[in-house]
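> I have a structure here, written as structure tokens, and I will follow up with some questions on it.
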Amino acid sequence: MNLDQQVYLDYAATTPMDDRVVAAMLPYFSEVYGNPSSIHFFGQRAEAALETARETIAEVLNAKPEEIVFTSGGTESDNLAVRGAAFARRAKTGANHILTTPVEHDAILHTVEQLGREFQFDVETLPVDANGWVDPEDVKRRLRADTVLVSVIYANNEIGTINALAEIGAVCRAQGVWLHSDAVQAAAHLEIDVEKEQIDLLSIGAHKMYGPKGVGALYIRSGIHLMPMQTGGGQEAETRAGTQNVAYIVGLAAAVKLAALEREQRAEHERSLRDQIIGRVLDTIPGAHLTGHFSNRLPNHASFVFENVDGNHLVMLLDAAGFACSSGSACKVGNPKPSNVLQAIGVQAEWLLDSLRVTVGKDTLEADVERFLAVLPGIIERARRLR
Ligand SMILES: *Cc1c(COP(=O)(O)O)cnc(C)c1O
């Protein structure tokens, strides 16, 4: 296998690090190595880097620096937001109701499931339409006096659909209910303004936007106090204990900044490749269905169900042909469990494992997409015969 010929079309699973991000991080491994909590020169230099990173991220989200808490990634941000809000709110008010969607990432899905099962929270799941889109009116109808938190994914990792966070934010704010959004995919592609959209808690992660794996942030609106999930020292305003991962946080900030600066040019490039993929697949492959919204979707994201094709099988055949895609979300490796997202959007039971996700990136070449589109119909035929 010639690795040079392998084409990566799985940017929703993770992205390669941008050289500029790596370069920004390097001094913070061995040159600027102080503990940001130390008061001496070495500590101050590390702390300065940490606070600059906080300012950079806050500016991009239209937040205040003190509203940004660093975490170990998207999963931890989601856990801290949901569990931290649920327990803090219940302790203060006795309220017990969590409102979420059936199309969340497992980091939310399994967290709310546990809160329901083990901690007696009353977890309610909103309906979604055939594109996995949440109607803000449904949020409005289901908000209750005892709702502790609403959590709605910003843009879906499996099917790309983008939710109307500003409208949902207005509904929640009118009732004084906290709104969390998992923006781990969205932040890589979309402009997010937590003030305009009236979002109270927002999760982001670096590795979906050309930053390092294992680092993320949670935006926490001023005045909200979460129950810490990790206790220890007083770091991160007593919300998330532990010496900060300075180099990785610098990398996260660099990635966030580049995503903001290059947003339009990246999206334009990706959208044209995405539309090429969607158009050609639907035109040339029989029994192909787009999942998620046709246009209100992430600019880099194409996702399908192919009748009578095992998705994992298809991914393996594509891999052997030199193309890396995924079926469902990356977290479903070796676990062909029907996706909660595809079930929620009403994909027929016999096609629930028949999905393919193709996600492009800022450096994806049009020639590679062309080669992919040229081989895909034949590979789907083979996968159908093998079934
Ligand atoms: C990747 C992802 C996560 C998890 O983030 P990690 O940094 O990998 O822990 C959460 N939510 C969504 C929507 C994601 O795409």
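The values are calculated or read from the model by the stated rules, or taken from the named source; none is laboratory data. It should be emphasised that the depicted structure is a prediction, and the values quoted were computed from it without experimental measurement. So basically every Cβ, Gly included, is an ideal-geometry build from the backbone, and we count neighbours across all protein chains shown. With ligands, DNA and RNA removed, areas are computed over all heavy atoms of the protein, side chains included. Shrake-Rupley method; radii C 1.70, N 1.55, O 1.52, S 1.80 Å.
> List, please: which pairs have Cβ atoms under 8 Å, are six or more places apart or on different chains, and start with a residue in segment 192-217 that is open to solvent by 10 Å² or more (accessible area, probe 1.4 Å) and part of a loop (DSSP other than H, G, I, E, B) and end with one that is polar (S, T, N, Q) and away from the ligand (no atom under 11 Å from the Cβ)?
So the pair list comes out as Asp193/Asn62; Glu195/Asn62; Lys196/Asn62; Gly214/Asn245.
> Looking at (1) open to solvent by 10 Å² or more (accessible area, probe 1.4 Å); (2) touching a residue at least 12 places away in the same chain (Cβ under 8 Å); (3) over 14 Å from the mean Cα position of the chain (by Cα), which is the one condition that is false for Leu149?
Answer for Leu149: the failing condition is (1).
> Enumerate the pairs (first residue in segment 16-43 and open to solvent by less than 70 Å² (accessible area, probe 1.4 Å); second residue anywhere and part of a loop (DSSP other than H, G, I, E, B) and of a type in the set (Val, Ile, Thr)) with beta-carbon separation below 7 Å, excluding pairs fewer than 6 apart on the same chain, so at least 6 apart or on different chains.
Matching pairs, first to second residue: Asn35/Thr243.
> In the list Glu118, Glu104, Glu113, Glu158, which residue meets the criterion of being free of Cβ contacts under 8 Å to residues at least 24 places away in the same chain and within 16 Å of the ligand (Cβ to nearest atom)?
The match here is Glu113.
> Oh, and also: In segment 171-191, which residues are open to solvent by 10 Å² or more (accessible area, probe 1.4 Å), farther than 23 Å from Cys325 by Cα and under 22 Å from the mean Cα position of the chain (by Cα)?
Once the filter is applied, which keeps residues that are open to solvent by 10 Å² or more (accessible area, probe 1.4 Å), farther than 23 Å from Cys325 by Cα and under 22 Å from the mean Cα position of the chain (by Cα), segment 171-191 yields Trp178, Glu191.
> Same structure again: With respect to Ala95, is the statement that it is under 21 Å from Leu258 (Cβ atoms), touching a residue at least 12 places away in the same chain (Cβ under 8 Å) and aliphatic (A, V, I, L, M) true?
Criteria not met by Ala95.
> Related question: In segment 331-387, how many are acidic (Asp, Glu) and surrounded by 20 or more Cβ atoms within 10 Å (Cβ to Cβ)?
Residues meeting the conditions: 1.
> Now, a different point. If we scan segment 119-130, do we find a residue that is outside any helix (DSSP H, G or I), under 18 Å from Ser222 (Cα atoms) and open to solvent by less than 20 Å² (accessible area, probe 1.4 Å)? Don't jump to the end; show me each part of the working.
Here is the first cut: in segment 119-130, the residues outside any helix (DSSP H, G or I) are 120-130.
Now restrict to residues that are under 18 Å from Ser222 (Cα atoms): none.
No, the conditions are met nowhere in segment 119-130.
> Further, regarding this structure: Does segment 237-264 hold any residues that are free of Cβ contacts under 8 Å to residues at least 24 places away in the same chain and either over 17 Å from Glu66 (Cα atoms) or not in a helix (DSSP H, G or I) (or both), and which are they?
The answer is Ala241, Gly242, Leu261, Glu264.
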